[in-house]
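K.L.:
Provided herewith is a single structure, encoded as structure tokens, for subsequent inquiry.
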């Protein structure tokens, strides 16, 4: 499947340094930063530095090094942010939206790590 990446999306601009962010962590292949509209006491975004539209694009086309780096950073952040059940908190939610039905707002693959409070049910039956 062909994916059309828009290099003018906000995360691409953040990666190029055109828009500031509140960086939490950065690795060779990934960047994590505070969400500008936090929905929980802990709300961090993790993005790959590569031009990937969504999860399936990333999983299909990213290098093994990119995939490993991204996932290890997300795991490390859960512990460092104190939301991992092993770190003493009662858990977290990780969300990755994709496409129109998934209500993806930025066409650059990213995950939201949310925690620090009870988050409620994921979906209603509406």
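K.L.:
Note down all Cβ pairs under 7 Å where the first residue falls in region 5-27 and is part of a helix (DSSP H, G or I), the second is surrounded by fewer than 16 Cβ atoms within 10 Å (Cβ to Cβ), and they're at least six residues apart or on different chains.
P.N.:
10/19; 13/19
K.L.:
Conditions first: (1) surrounded by 18 or more Cβ atoms within 10 Å (Cβ to Cβ); (2) without any contact (Cβ under 8 Å) to a residue 60 or more places away in the chain; (3) in contact with a helix residue (DSSP H, G or I) (Cβ under 8 Å, 6 or more places away or on another chain); (4) within 19 Å of residue 28 (Cα to Cα). Residue 110 passes all but one, so which condition is the exception?
P.N.:
Only one criterion in (1) surrounded by 18 or more Cβ atoms within 10 Å (Cβ to Cβ); (2) without any contact (Cβ under 8 Å) to a residue 60 or more places away in the chain; (3) in contact with a helix residue (DSSP H, G or I) (Cβ under 8 Å, 6 or more places away or on another chain); (4) within 19 Å of residue 28 (Cα to Cα) is unmet by residue 110, namely (2).
K.L.:
Of all residues in region 53-95 being part of a loop (DSSP other than H, G, I, E, B), in contact (Cβ under 8 Å) with a residue 12 or more places away in the chain and in contact with a strand residue (DSSP E or B) (Cβ under 8 Å, 6 or more places away or on another chain), which is farthest from residue 118 (Cα to Cα)?
P.N.:
Restricting to residues being part of a loop (DSSP other than H, G, I, E, B), in contact (Cβ under 8 Å) with a residue 12 or more places away in the chain and in contact with a strand residue (DSSP E or B) (Cβ under 8 Å, 6 or more places away or on another chain), the top hit is 62.
K.L.:
Which condition number does residue 19 fail, the rest of (1) closer than 25 Å to residue 119 by Cβ; (2) at pLDDT 95 or above being met?
P.N.:
Unmet condition: (1).
K.L.:
Test each condition in (1) more than 18 Å from residue 99 (Cα to Cα); (2) without any contact (Cβ under 8 Å) to a residue 12 or more places away in the chain for residue 49 and report the one that comes out false.
P.N.:
Only one criterion is unmet by residue 49, namely (2).
K.L.:
While we're here: Of all residues in region 108-126, count the ones that are more than 12 Å from the chain's Cα centre (by Cα) and either modelled with pLDDT of 95 or more or in a strand (DSSP E or B) (or both).
P.N.:
At the first step, the residues of region 108-126 found to be more than 12 Å from the chain's Cα centre (by Cα) are 115-126.
From what's left, either modelled with pLDDT of 95 or more or in a strand (DSSP E or B) (or both): 115.
Counting residues in region 108-126 that are more than 12 Å from the chain's Cα centre (by Cα) and either modelled with pLDDT of 95 or more or in a strand (DSSP E or B) (or both) gives 1.
The values are calculated or read from the model by the stated rules, or taken from the named source; none is laboratory data. Here the structure is a predicted model, which means the values were calculated and not measured. Don't worry about glycine lacking a Cβ; one is built from the backbone with ideal geometry, like all the others, and counts go over all protein chains shown.
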